[in-house]
Amino acid sequence: MTILSIHLRRLCIIIFCLEVHVHASQAFSSDFIVATKKGGSTKVTRCIGTAVIDVAAMFRNLLDWDSFKTVVATFPFFAVGQMIDESVQQWFFDKKRRINTHQLPAIFNATADRAIVDSLAALSVTFFLFSHNQRLRETSKMFLLGLPFIGWTTNLIKCCCKSDICFRPLDEKHCKNGKKSFGGFPSTHAAQITYATVLFGSQFGVKAAVPLTIAGLFIAVPFVNGNRHYVSQLVAGAGLGVLYGLAANKVIRGTCNDDVAINIGVDHGCIPSLKLSYKF
């Protein structure tokens with residue numbers, strides 16, 4: 001219930017941001033912000049309605065060929081991860097003494113657990129409210145909209161799937177009786193940071209993908225080192241994040257479709273010219 005309340009709180013923050021954005025960003029003058037009332041609906045209701053449509057489109061995009069290819073491409077890495085899971089964990093947990101070994105400072109685990117994704121969400125709120133770049137606003141909006149749904153999806157899988165792949169690694173804090181606990185498959189944090197990496201990376205290229213990939217490593221390494229997740233569980237979370245990232249990216253491309261550009265001008269011979277370009 002605690003995890004569910006966190007995701008509900010994030011969704012409430014997103015709705016609040018939508019309202020603030022509608023009332024405070026008149027200067028942006030996009031199709032997203034229109035007159036106070038028209039046809040009996042307010043700006044706020046239309047804004048929330050647009051968000052609902054975007055979420056529905058994202059889920060519709062999850063059921064396409066790209067999602068199938070992502071699952072197929074992720075499975076071999078997941079299988080390899082399962083083969084090395086126990087070998088990796090033996091470096092970080094002594095089964096005889098039932099204690100963690102070769103541990104990073106506690107600050108790394110705390111940062112991976114609570115700081116990175118939340119900080120990225122806070123930055124996205126800022127971009128959504130105050131940026132004059134429509135693409136950045138739309139990307140930030142989709143990231144915020146998708147974030148709680150990723151959390152709910154991973155929690156649903158954790159609740160429904162009770163096989164061996166769901167067991168977390170042995171850990172001195174949670175495995176005093178020598179038994180493993182459920183809830184490790186898939187990793188919610190890995191899914192969320194990968195979602196951000198694919199989404200922002202698709203829209204803004206290397207300058208966004210590289211720092212977010214580094215942030216993902218700052219989550220993955222402490223989680224494996226601290227016996228919170230197996231490598232395979234992080235891979236599964238990353239695969240889920242890619243699914244959502246590709247689906248959300250298609251929604252943004254439909255909203256900010258500036259990949260095709262048509263320029264009309266005059267060449268050096270004063271002859272009218274037409275230039276058509278497409279950004280891949």
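Read-outs: derived from the displayed coordinates by stated rules, not from any lab. Not measured: the values here are computed from a predicted model. Methodologically, a virtual Cβ is constructed for each residue, glycine included, from the backbone with ideal geometry; neighbour enumeration extends over all protein chains shown.
A few comments on the model shown:
- The number of residues in the stretch 153-169 being free of Cβ contacts under 8 Å to residues at least 24 places away in the same chain and not in a loop (DSSP other than H, G, I, E, B) comes to 5.
- Odd one out for K69 among (1) touching a residue at least 24 places away in the same chain (Cβ under 8 Å); (2) out of contact with any Phe, Trp or Tyr (no Cβ under 7 Å at 6 or more places or on another chain); (3) farther than 30 Å from K180 by Cβ; (4) charged (D, E, K, R): (1)
- You will find that of D113, D94, the residue that is of a type in the set (D, E), touching a residue at least 40 places away in the same chain (Cβ under 8 Å) and more than 18 Å from K250 (Cα to Cα) is D113 and no other.
- Identity of the residue in the stretch 67-124, in a helix (DSSP H, G or I) and among the hydroxyl-bearing types (S, T, Y), that ends up farthest from the chain's Cα centre (by Cα): S87
- Here T126 meets each of (1) under 28 Å from K173 (Cβ atoms); (2) surrounded by 11 or more Cβ atoms within 10 Å (Cβ to Cβ); (3) of a type outside the set (A, V, I, L, M, F, W, C) with one exception, condition (1).
- Residues in the stretch 199-244 that are more than 25 Å from V88 (Cβ to Cβ), assigned to a helix (DSSP H, G or I) and without any contact (Cβ under 8 Å) to a residue 60 or more places away in the chain: 8 in all.
- Only one of I150, I193 that is farther than 17 Å from T111 by Cα, under 12 Å from the mean Cα position of the chain (by Cα), touching a residue at least 60 places away in the same chain (Cβ under 8 Å) and assigned to a helix (DSSP H, G or I): I150
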